[in-house]
Amino acid sequence: MSDPAVLCENLRFAYVKDRPVLDIERLEIARGERVFLFGPSGSGKTTLLGILSGVLTQFEGKVDVLGREIAKLSGSERDAFRGAHLGYIFQLFNLIPYLTVVENITLPCRLHAERRKALGGVPLEEAAKAAAAKLGIRHLLAQKVTSLSVGQQQRVAAARALVGAPALIIADEPTSSLDYDHREKFLELLFDSCKEAKATILFVSHDRSLMHLFDRQLDLAVINRAQTVATAE
Amino acid sequence: MVLLSLAYHSLKNRKLTTTLTVFSIALSIALLIGVENVRVGARQSFEGTISQTDLIVGARGGSLQLLLYSVFRIGQATNNITYESYLKFKNHPAVEWTIPYSLGDSHRGFRVVGTDENFYKHLRYRRDRSLSFASGHEPRGVFDVALGADVARALNYKTGDKVVITHGVASAAGRGIQDHNDKPFTVCGVLNKTSTPVDRSLYIQLEGISAVHIDWADGAPPMPGEEVPAEKITKDTVKIDQITSFLLRNKRRIDTLRVQREINTFSEEPLQAILPGVTLQELWRTIGYAEDALTVVTFFVIVVGLLGMLVSLYTSLNERRREMAILRAIGAGPGKIISLLVFESFLLTVAGCVLGVGLIYGASFLFQPVVEEHFGLYIPVQAPTPTGLIYLGAVLAASLLIGFIPAWKAYRNTLSDGLTPKL
């Protein structure tokens, strides 16, 4: 458990050859740390998240996530790893529209045996109820997700990301569609739940009004050398 | 199983397209199984026109011709056979029963068949069904006539009515060569419907055929005033000289070929005996092209049904890019994305097959009596034939294959989209 949650060394990534989007010398996030990653649009935030979650694979350099060198994993191993150990929250539309709230929350555990094992024998429904209770959406469990407000949807997404205690939560601007009061409330709930699970949070946003709530703030424009090259052109 | 349940919920979520797709597949499946059942039914009806008959015997000629005039009442015999020869085989030690037919006369387009009581007792169709009377009884007197069900209905005859038979076969509208006006027959009974050619004939005794021709000489009717009055004719005064053909059943099936050979090599008269099953198959082969054409058409209907499914799944993919990205984010790999879509097309097709088979069996059950009544086609409501099952299996297999097309597209989408769908 001494490995950092995220360790990148000499990470370079380009969608088109010779036009790097990311060039990071070193990025380390400790276990249990709550990191706020910000930067202007196009600074490579989403690309970095894609690499860390094992979806974008054509990078150079070394990327370890939770002690695993993801470049060395096969495609299906990466998918299984993501499903078992990562929780991902999108900016919007996080939920499968044809499933109920509880079905959405339990989906990662139903897809991945390892994630289910992490529940330690607690029945799936109970785990979902517990996660939902912490996020204040217990009363919504049986509803169709299409009937929820945006704020409620994001909380369901958080519950899904948290169920089965994944070690790393990646949140890609999850609050940008919420109004200010709801943002802080959402973060509080997220933090409380993560603290209990000792999960690491990598929170991406361009909304710096929230950054003071985090342990550490990272400006991608600073650590990403590719960006300075691009702007210098 | 998770993916199967996902596929199910996803389809349920798109109610309208799912319903329409399932219906279009169901209709094509119903058509496929329906055509198959009609094909089998037609064939069974056809082969069931005569059962439990080992041999059909007539004057030497074409075997198909003998079958046609003896069983289907189509065409004419070129020659008759003598009654003596008939009796020889009727009393043959290996023979169980014979049914003689004497053909050549008609009534308003319907054939008149001279036969004897064995016809009512022994004739079997559709494996083991025998003839029965809807009203009245079989002919007992020389001038009694029993009617096939279609004849009675078409001409609106009932027991007690007088019927004048015509020499030769005339069309329903045209006049016959010569009416046997002087010797009218009385309807003694009407047979129940059999949906075989039996329904389209009138039946009198062999003696009746002889009786109407008793005063004829050299194929010409008697001069006016020289007719033998009907009331003077009794069973004992008429002599049967010849019949047209007869059906024969042996006591043991194993004797069939021996008796056939004996008949075919009969020295006193040129006879031929045919195996009805073999000749029926020969005939079916010549008229069976229609069923092939039908099957080909149905095949294309299935293709259209499956293409409709392909289109509906494929077009849904663009609006589902977000859903795929979510699935990717929670760790569903390309294999799972592909399985999800293949399952969807499979589920659609399974639902279509179940509904389609249900539809066609419901319809067969409902319309079976109507079809039998109006088309004389008895379509058995039976378990799907092996061919039908093979068709169903092939359709399901095809749906799996077709499912890979949208699945592959979805897979490509997820590769290019990653976790950020390009909407």
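Going by the conditions given, is residue A:204 surrounded by 15 or more Cβ atoms within 10 Å (Cβ to Cβ), within 13 Å of another protein chain (Cβ to nearest Cβ) and in contact with a strand residue (DSSP E or B) (Cβ under 7 Å, 6 or more places away or on another chain)? Considered against the rule, which asks whether it is surrounded by 15 or more Cβ atoms within 10 Å (Cβ to Cβ), within 13 Å of another protein chain (Cβ to nearest Cβ) and in contact with a strand residue (DSSP E or B) (Cβ under 7 Å, 6 or more places away or on another chain), residue A:204 comes out as yes. Consider residue A:88 carefully, then state whether it is facing another protein chain (nearest Cβ under 7 Å), in a loop (DSSP other than H, G, I, E, B), in contact with a Lys or Arg (Cβ under 8 Å, 6 or more places away or on another chain) and not small (Gly, Ala, Ser). It is false that residue A:88 is facing another protein chain (nearest Cβ under 7 Å), in a loop (DSSP other than H, G, I, E, B), in contact with a Lys or Arg (Cβ under 8 Å, 6 or more places away or on another chain) and not small (Gly, Ala, Ser). Looking at B:283, B:257, just one residue is in contact (Cβ under 8 Å) with a residue 24 or more places away in the chain and part of a helix (DSSP H, G or I), and that residue is B:283.
Is there a residue being part of a loop (DSSP other than H, G, I, E, B), surrounded by 13 or more Cβ atoms within 10 Å (Cβ to Cβ), touching a strand residue (DSSP E or B) at 6+ places or on another chain (Cβ under 6 Å) and modelled with pLDDT of 90 or more anywhere in the range B:227-242? No, that holds for no residue. Provide a single number: the residues in the range B:126-154 that are among the small types (Gly, Ala, Ser), touching a Pro at 6+ places or on another chain (Cβ under 9 Å) and assigned to a strand (DSSP E or B). Matching residues across the range B:126-154 total 1.
For the residues A:114, A:103, the requirement of being acidic (Asp, Glu) and either outside any helix (DSSP H, G or I) or surrounded by 18 or more Cβ atoms within 10 Å (Cβ to Cβ) (or both) singles out A:103. Tallying residues that are more than 8 Å from chain B (Cβ to nearest Cβ) and either in a loop (DSSP other than H, G, I, E, B) or within 19 Å of residue A:127 (Cα to Cα) (or both) within the range A:76-85 yields 1. Kindly establish whether residue B:373 is farther than 30 Å from residue A:105 by Cα and either within 14 Å of another protein chain (Cβ to nearest Cβ) or among the charged types (D, E, K, R) (or both). Yes; evaluated as a whole, the condition is true for this residue. Residues that are part of a helix (DSSP H, G or I) and among the charged types (D, E, K, R) within the range B:1-45 comprise B:12, B:15, B:36, B:39, B:43, listed in sequence order.
Among residues of the range B:6-25 that are assigned by TED's automatic domain parsing to the domain that holds residue B:302 and closer than 10 Å to residue B:351 by Cβ, those with a beta-carbon under 9 Å from a residue that is among the hydroxyl-bearing types (Ser, Thr, Tyr) and in a loop (DSSP other than H, G, I, E, B) at least six positions away or on a different chain give the pairs B:11/A:98. Residues in the range B:67-82 that are surrounded by fewer than 18 Cβ atoms within 10 Å (Cβ to Cβ) and either aromatic (Phe, Trp, Tyr) or in contact with a Lys or Arg (Cβ under 7 Å, 6 or more places away or on another chain) (or both): B:72 alone. Applying the set (1) in a helix (DSSP H, G or I); (2) touching a residue at least 40 places away in the same chain (Cβ under 8 Å); (3) more than 14 Å from chain A (Cβ to nearest Cβ) to residue B:273 leaves exactly one unmet item: (1).
Residues checked against (1) within 14 Å of chain A (Cβ to nearest Cβ); (2) touching a Cys at 6+ places or on another chain (Cβ under 8 Å); (3) in a helix (DSSP H, G or I); (4) farther than 19 Å from residue A:75 by Cα:
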residue	(1), (2), (3), (4)
B:382	no, no, no, yes
B:388	no, no, yes, yes
B:391	no, no, yes, yes
B:401	no, no, yes, yes
B:404	no, no, yes, yes
B:408	no, no, yes, no
B:413	yes, no, yes, no
B:416	yes, no, yes, no
B:420	yes, no, no, no
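Let's see how each residue does on (1) surrounded by 21 or more Cβ atoms within 10 Å (Cβ to Cβ); (2) closer than 22 Å to residue B:333 by Cβ:
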| residue | (1), (2) |
| --- | --- |
| A:16 | no, no |
| A:33 | no, no |
| A:55 | yes, yes |
| A:60 | no, no |
| A:86 | yes, yes |
| A:90 | yes, yes |
| A:99 | no, yes |
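Checking each residue in the range A:94-130 for being without any contact (Cβ under 8 Å) to a residue 12 or more places away in the chain and within 8 Å of chain B (Cβ to nearest Cβ) picks out A:98, A:103. When restricted to residues that are closer than 19 Å to residue B:50 by Cβ and touching a Leu at 6+ places or on another chain (Cβ under 7 Å), the range B:111-131 contains 9. Evaluated against (1) in contact (Cβ under 8 Å) with a residue 12 or more places away in the chain; (2) away from every other protein chain (no Cβ under 14 Å); (3) in a helix (DSSP H, G or I), residue B:327 falls short on exactly one condition, (2). Among the residues of the range B:245-266, are any more than 30 Å from residue A:80 (Cβ to Cβ), surrounded by 15 or more Cβ atoms within 10 Å (Cβ to Cβ) and hydroxyl-bearing (Ser, Thr, Tyr)? Taking every residue of the range B:245-266 in turn, at least one turns out to be more than 30 Å from residue A:80 (Cβ to Cβ), surrounded by 15 or more Cβ atoms within 10 Å (Cβ to Cβ) and hydroxyl-bearing (Ser, Thr, Tyr). When the range B:177-205 is filtered for residues that are buried (at least 22 other Cβ atoms within 10 Å of the Cβ) and more than 30 Å from residue B:377 (Cα to Cα), the ones remaining, listed by number, are B:180, B:183, B:185.
Taking the stated definitions as given, is residue A:151 in contact with a Pro (Cβ under 9 Å, 6 or more places away or on another chain) and either assigned to a helix (DSSP H, G or I) or more than 11 Å from chain B (Cβ to nearest Cβ) (or both)? Criteria not met by residue A:151.
Has the range A:144-155 got at least one residue that is under 24 Å from residue A:44 (Cα atoms), aliphatic (A, V, I, L, M) and surrounded by 19 or more Cβ atoms within 10 Å (Cβ to Cβ)? So far as the range A:144-155 goes, no, none of its residues is under 24 Å from residue A:44 (Cα atoms), aliphatic (A, V, I, L, M) and surrounded by 19 or more Cβ atoms within 10 Å (Cβ to Cβ). Note on the range B:267-278: residues that are closer than 19 Å to residue B:48 by Cα and surrounded by 19 or more Cβ atoms within 10 Å (Cβ to Cβ) total 2.
For the range B:162-176, the criterion of being surrounded by 17 or more Cβ atoms within 10 Å (Cβ to Cβ), outside any strand (DSSP E or B) and not β-branched (Val, Ile, Thr) is met by at least one residue.
Taken as a whole, the structure places residue A:53 among residues that are at the interface with another protein chain (Cβ under 8 Å from one of its Cβ atoms), under 23 Å from residue A:9 (Cα atoms) and among the hydroxyl-bearing types (Ser, Thr, Tyr). Does the range A:160-168 contain at least one residue that is β-branched (Val, Ile, Thr) and more than 12 Å from chain B (Cβ to nearest Cβ)? No, the range A:160-168 contains no residue that is β-branched (Val, Ile, Thr) and more than 12 Å from chain B (Cβ to nearest Cβ).
The values are calculated or read from the model by the stated rules, or taken from the named source; none is laboratory data. Owing to the predicted nature of the structure, the values given are computational and were not obtained by experimental measurement. Every residue, glycine as well, gets a Cβ built from its backbone with ideal geometry; the counts of neighbours run over all protein chains shown.
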